[in-house]
Amino acid sequence: MKDKIKKILERIGQGILIAGGLGAMGIYQILHIIVVWGTGLSVVYLGIIRLLEGEILWGLVVLFIGTPVVIGLLEFLFPFWLILSILWIIWTIIKTTFF
């Protein structure tokens, strides 16, 4: 009887781990999409502003070279950026609470 209960509890624990992992992966993917889209669109906006100000060469450089470079770097560095952001939030909470 105890073996059956232990087996059931192990299965429940495994299911909770799987569901938690899927939830964390979903949150990561949503954050990744929002940050990359936001950054890409802000660089495009900067290029359009440069074009509207009359700086045609710099506007085209930002649009055709800067946007892919920024998006590529962010795709590569997003996990590191996310870890630093979480650590910064934790440090800010600790600093404002205890110091």
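No lab work stands behind these numbers, since they all come straight from the coordinates. What you see is a predicted model, and the numbers here were worked out from it, not measured in a lab. All Cβ positions, glycine included, derive from the backbone under ideal geometry; neighbour counts span all protein chains shown.
Observations on the structure shown:
- Selection within region 49-69 - part of a helix (DSSP H, G or I) and surrounded by 13 or more Cβ atoms within 10 Å (Cβ to Cβ): R50, L51, W58, G59, L60, V61, V62, L63, G66, T67
- Considering region 70-99, and only residues there that are loosely packed, with under 10 Cβ neighbours inside 10 Å and more than 18 Å from the chain's Cα centre (by Cα), the residue that is farthest from Y28 (Cα to Cα) turns out to be F99.
- Number of residues in region 13-37 that are under 27 Å from F76 (Cβ atoms) and either surrounded by 11 or more Cβ atoms within 10 Å (Cβ to Cβ) or among the polar types (S, T, N, Q) (or both): the value is 7.
Here's the yes/no breakdown for (1) within 16 Å of the chain's Cα centre (by Cα); (2) in contact (Cβ under 8 Å) with a residue 40 or more places away in the chain; (3) under 28 Å from I86 (Cα atoms):
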position: I16; (1), (2), (3): no, no, yes
position: A24; (1), (2), (3): yes, no, yes
position: Y28; (1), (2), (3): yes, yes, yes
position: T39; (1), (2), (3): yes, no, yes
position: I49; (1), (2), (3): no, no, no
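- Any chance T92 is in contact (Cβ under 8 Å) with a residue 12 or more places away in the chain and out of contact with any His (no Cβ under 7 Å at 6 or more places or on another chain): no
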